[in-house]
Structure formats: structure tokens, C-alpha cells
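Read the structure below first, then the notes.
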Amino acid sequence: MTTPSVATAPVGDPWPEGDANVLAAMLRVAEREYRKAAARVLNIVKAIEHKEAYEQLEAKNIQQLLEDQLLLSPTEASRRVQRARAFCPGMALTGEMLAPKLDIAAEAVRRGRSG
């Protein structure tokens, strides 16, 4: 029997028994992948807000769009908007890319190193 990895084992597969180090390593890998996916979501949120695409989707603002589309609470939607504004690059009116407010933290988030 081969040891499942986080990338190959579907949810519900048997996990290695008795090897806490393998499980801990799998946990770290899964968390890193989760954080990278969360960073992609924040980039999408920032793009929707910048392009004001929420209006085309019949929402009054980005927060309402997140509440409706992702079924988030108002608190969690607000939190994600704030994170997107802090961690994702912006664009000036001239089209110039602007660094994120928290550029060092943003890089760590994109690499899956920070939550």
C-alpha cells in the first residue's frame, strides 16, 4: 500500500496510520496550497473592484457581490475586501501598476507562506 499524499489522495482516502510526521507534512502542504488559492481569490476580488465589474453583476459594491456569490457573511466579505486592498497590486488612473500597501506580506501570501 502506498502512502497517500495531499496532492494524490482524494478526500476520504485512508491516511497513514501511526506516522504523525507524515500527517504533519501533509498538513503543511495542504495549508500552503490553501493559502495560495486564497491569494488567487484576493487577486480576483481586487480585479472585480478595480473594473467595477460588480455593477454588471447587479451588486451595489464588491462586498455585496462576495456575500451573494460566495455566500459569505457581511463580516467575512468585508474582511476579504480589506485583505485584497492591502495585499494585491492596484492600478493608477494612468494604467501604471501600483505596489500593494503591504508588499512584503503580499509576497508571502502569494507564496503560501502567510495567512
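The values are calculated or read from the model by the stated rules, or taken from the named source; none is laboratory data. Everything numeric in this text was worked out from a predicted model, so none of it was measured. Note: ideal-geometry Cβ built from the backbone for every residue, glycine included; neighbour counts use all protein chains shown. Side chains included, ligands, DNA and RNA excluded: accessible areas come from the protein's heavy atoms. Shrake-Rupley method; radii C 1.70, N 1.55, O 1.52, S 1.80 Å.
Of all the criteria given as (1) loosely packed, with under 13 Cβ neighbours inside 10 Å; (2) at pLDDT below 95; (3) in contact with a helix residue (DSSP H, G or I) (Cβ under 8 Å, 6 or more places away or on another chain), the one not satisfied by residue 73 is (2).
Residue count for region 35-47, restricted to those that are within 23 Å of residue 67 (Cβ to Cβ), open to solvent by 60 Å² or more (accessible area, probe 1.4 Å), touching a residue at least 40 places away in the same chain (Cβ under 8 Å) and not polar (S, T, N, Q): 1. Answer yes or no: is there a residue in region 51-58 that is among the aliphatic types (A, V, I, L, M) and at pLDDT 90 or above. There is at least one residue in region 51-58 that is among the aliphatic types (A, V, I, L, M) and at pLDDT 90 or above.
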